[in-house]
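Worksheet: the structure to be examined is printed underneath.
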Amino acid sequence: MGELIRIALIGFDTLESLGLRLLLNEIKGCTYERFDTFAEFEPFSEKTDGYVVSMGRFVENLDFFLPRKGRTLVAGKGDFSDSERSGVSILSCAGDESDLREGIERFVKALKGGDVPDELSGREMEVLRLIASGKINKEIADALCISVNTVITHRKNISAKLGIKSASGLSLYAMMNGII
């Protein structure tokens, strides 16, 4: 990523947006743009390094945000203490100012440091499609003309990127995201 991190603020009302912008203004090397709706944001999605999105917009557009969850920070009202298991970064707006500031800083630092997972590669998408169709590792290896060890490596990478470990979970993900 370049030196200047571009962040999209998506789906926040004016007051929430002002608060987030105030926190982001304190962070050097970071710029942002506000979008009321996902439709407004979509043409700019490839020019953005990270996404701070309201809970509602996140849920409405899971197919876009789940594969990019390492670059997404979901902000919502409430207690999200068990959200670590989902693999999605969630910022509780119910916290105090120092918690909000720390959450935003941690998110931007991860973006700057490149500590975010990549999206699935083309080959990983092929492997995921075959997993979802019920193939075992040997059958996937034969279909793609690769070794079983390579299939296992792809499966590990897919699980790490999506935060989903089981074949049934991967199949459900593939169905929900139009991969199969």
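Taken together, the values in this text are just the output of simple stated rules run on the coordinates, not laboratory data. Note that the structure is predicted; figures quoted are calculated from it, not measured. Counting neighbours? That spans all protein chains shown, and the Cβs are built from the backbone with ideal geometry, glycine included.
Length gained on full extension, Thr153 to Lys77, computed as 0.36 nm times the residue gap minus the Cα-Cα distance: 23.6 nm.
In which sequence would Thr153, Thr48 go, from the one with the fewest C-beta neighbours within 10 Å to the one with the most?
Ascending Cβ contact count within 10 Å gives the list Thr153, Thr48.
Could you run the Debye sum over the Cα atoms of segment 122-176, one equal point scatterer each and no solvent, and tell me log10 of I(q)/I(0) at q = 0.20, 0.21, 0.26, 0.30 Å⁻¹, two decimals? Per q value, in the given order, log10 I(q)/I(0) is -0.60, -0.67, -1.03, -1.34.
Once the chain is represented by equal point scatterers at the alpha-carbon sites, with solvent omitted, what log10 I(q)/I(0) does the Debye formula produce at q = 0.08, 0.17 Å⁻¹? Summing over Cα pairs of the chain leads to -0.29, -1.06.
Fully extending the segment from Asp99 to Ser121 would add 4.5 nm, taking 0.36 nm per residue of separation and subtracting the current Cα-Cα distance. Among Arg123, Arg68, the order by Cβ neighbours within 10 angstrom, fewest to most, reads Arg123, Arg68. Close Lys pairs in the chain (alpha-carbon distance under 15 Å; sequence gap of 8 or more, or different chains): 4. Here Met175 and Leu144 are evaluated by their C-beta separation; at R0 = 25 Å the FRET efficiency comes out at 0.75.
Please report the relative contact order for the chain, taking Cα pairs under 8 Å with a sequence separation of at least 6, and give it as a percent rounded to a whole number. If you can, show how the numbers build up before the last one.
On the way: 233 pairs, mean separation 32.7, N = 180.
Relative contact order here is 18 percent.
Screening the chain for whole DSSP H helices of 18 Å or more along their axis (Cα) with average Kyte-Doolittle hydropathy at least -1.0 returns 97-113, 148-162.
Given the -39500 (n - 2.57) contribution per DSSP H run of 4+ residues, what per-residue ellipticity at 222 nm results for the chain, rounded to the nearest 500 deg cm²/dmol? Don't skip to the end; give the middle numbers.
Numbers: 9 runs with 87 residues, N = 180.
Taken over the chain, the calculation gives -14000 deg cm²/dmol.
Reducing segment 1-25 and segment 148-179 to their Cα centroids gives an inter-centroid distance of 31 Å.
Site pair Leu4 and Arg106 shows an inter-label distance of 2.9 nm when each label is modelled 7 Å from Cα along Cα→Cβ.
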